[in-house]
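Working notes, beginning with the structure itself.
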Amino acid sequence: MVALMLKREDSPIIFWAIVVVMGGAGGILFIGYFIPNLVMSRQFSLRIYSDRIVCESPHRSLAPAFDLPLSEIQFLEHDARGDAESWTIVTHDQKRHFITHNYGNPVKRIVKILMAAEPPLKVVKLTVWKSPWAKK
């Protein structure tokens with residue numbers, strides 16, 4: 001086992017070494033996560049037609065792409081359990097398609113349009129389960 005003896009004058013060196021390592025890690029994350037979105041010539045779009053909904057995304061980590069007929073949608077799932085609410089499209093074969101908030105996507109407007117479709121879609125709300133023995 002090797003013991004590392006630090007002197008008081010070594011503290012700034014260690015501090016700056018940590019800053020450089022963390023900055024490098026942040027740079028790698030930036031290059032790996034955000035640059036693919038900027039480099040690709042595609043843009044995000046979510047279009048609702050009379051018979052289908054099409055979501056195109058430049059990168060799958062930012063928003064998954066999907067193309068589904070409206071007749072395949074079983075219900076919309078509304079999750080308001082956390083600080084932010086989210087909406088998911090659930091199909092008859094139980095596949096889930098998240099409606100992203102990325103790119104300034106007007107999620108509430110999209111949900112309103114989908115709920116006005118014929119036949120009307122059902123909305124399932126997820127809530128926090130409360131124990132009957134919990135203090136009120």
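The numbers here are math on the coordinates, done by the rules we state, and not lab data. Note that the coordinates shown come from a computational prediction; the quantities given were computed from them, not determined experimentally. Methodologically, a virtual Cβ is constructed for each residue, glycine included, from the backbone with ideal geometry; neighbour enumeration extends over all protein chains shown.
Points to keep in mind about this one:
- Single residue of the range 78-94 satisfying the filter (hydrophobic (A, V, I, L, M, F, W, C) and loosely packed, with under 15 Cβ neighbours inside 10 Å) that is nearest to the chain's Cα centre (by Cα): Ala84
- Enumeration of residues in the range 71-123 that are in contact (Cβ under 8 Å) with a residue 24 or more places away in the chain, among the acidic types (Asp, Glu) and within 18 Å of Cys55 (Cα to Cα): Glu77
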